[in-house]
Every structure is written in C-alpha cells, then in structure tokens.
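Asker: First the structure, which I've put down as structure tokens, then a few questions once you've had a look.
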Amino acid sequence: MKDLRKFIKTTIREFLNESVNTYQILYDVAEELSKKMYCDNFGSCVHFAEEFVLKINETHPEILNDFFVIEGYVNWEHGDDIPQQHTWIELKDGTKIDPTYEQFTKYGWANYSKKKQKNTLD
C-alpha cells in the first residue's frame, strides 16, 4: 500500500510539473515573439498566431495540442457596436496569450467573444 501511495504522489507531482513546464514554454515563446513584432496594428493578431504555432512546432512539437488558435471577435468601447475580428491563443485552462489585445484596451474597455461554431452534417 505504501508503494501505491508513493507512486500516486510521484505521478501527480510529475503531471503537475509537466503542466507548469508546458505553460512556461508557451509563455516564453509568446514573450520572445511579441518583443520582435509590432503588435498594435491591423492584422498583427493573425501574424502573431501563425508565428507562435510555427515556433512551437519547430521547438516543441509535442505540445502543439496544449493550446488552441481562436478566431473570434473583440468588442470594444470605440468599436461603435461592431465587433472587430480577432485571433488569439488560448490554453486548455482558458488562459489567453494575446500581445495584440492591448490595441483595444488602451482606449477603454474591451472583451473577447468567440465565433459561433457552424453545425455540420457528417
């Protein structure tokens, strides 16, 4: 029984450390890329997302399934009630990685909304 407890504790600890390391890698890549890009103009969100996926694929392809590229909208104070198309990275826990979001928030409130999924027939 003692060996089973030790195994469970070790397995949980390894799992938690692996998740923390994966997220740190994703944050580090995002920070590296955002320092090299001007993320405050039209279309930079898509460019950032493309570069992010390419960099992860090049350096850590084993974690490509640990995040999503989201195509959605940003509703913002100066958008005249017209949502702006936007792209961002979202981790499985819901955390967003989006250095381009500041272009909306520096002028007032802003919030994300995802595009509605289309129903498909198989």
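The values are calculated or read from the model by the stated rules, or taken from the named source; none is laboratory data. These numbers were taken from a predicted model, which means no experiment stands behind them. FYI the Cβ positions are ideal-geometry reconstructions off the backbone, even for glycines, and counts take in every protein chain you see.
Residue by residue, here is whether (1) of a type in the set (A, V, I, L, M); (2) over 19 Å from LYS115 (Cβ atoms) holds:
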site: ILE56; (1), (2): yes, yes
site: ILE70; (1), (2): yes, no
site: TYR73; (1), (2): no, no
site: GLY79; (1), (2): no, no
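Asker: Pairs needed: first member in the stretch 46-58, within 16 Å of GLU31 (Cβ to Cβ) and of a type in the set (Lys, Arg); second member anywhere, surrounded by fewer than 16 Cβ atoms within 10 Å (Cβ to Cβ) and at pLDDT below 90; C-beta distance under 9 Å; at least 6 residues apart or different chains.
Answerer: Within 9 Å, the pairs are LYS55/GLU32.
Asker: Now a separate question. Restricting attention to the stretch 14-50, which residues are modelled with pLDDT under 60, closer than 22 Å to ASN65 by Cβ and not aliphatic (A, V, I, L, M)?
Answerer: If the condition is that a residue be modelled with pLDDT under 60, closer than 22 Å to ASN65 by Cβ and not aliphatic (A, V, I, L, M), then GLU14, PHE15, ASN17, GLU18, SER19 are the ones that fit.
Asker: Provide a single number: the residues in the stretch 59-100 that are of a type outside the set (Phe, Trp, Tyr), in a strand (DSSP E or B) and free of Cβ contacts under 8 Å to residues at least 40 places away in the same chain. Before you say what the answer is, go through the steps one by one.
Answerer: Our first condition is that a residue be of a type outside the set (Phe, Trp, Tyr); within the stretch 59-100, this holds for 59-66, 69-72, 74-75, 77-87, 89-100.
Still in the running and in a strand (DSSP E or B): 69-72, 74-75, 84-87, 89-91, 96-97.
From what is left, the residues that are free of Cβ contacts under 8 Å to residues at least 40 places away in the same chain are 69, 74-75, 84-85, 90, 96.
The total comes to 7.
Asker: Could you tell me whether GLU71 is out of contact with any strand residue (DSSP E or B) (no Cβ under 8 Å at 6 or more places or on another chain), surrounded by fewer than 16 Cβ atoms within 10 Å (Cβ to Cβ) and at pLDDT 85 or above?
Answerer: On the way: out of contact with any strand residue (DSSP E or B) (no Cβ under 8 Å at 6 or more places or on another chain): no; surrounded by fewer than 16 Cβ atoms within 10 Å (Cβ to Cβ): yes; at pLDDT 85 or above: yes.
No.
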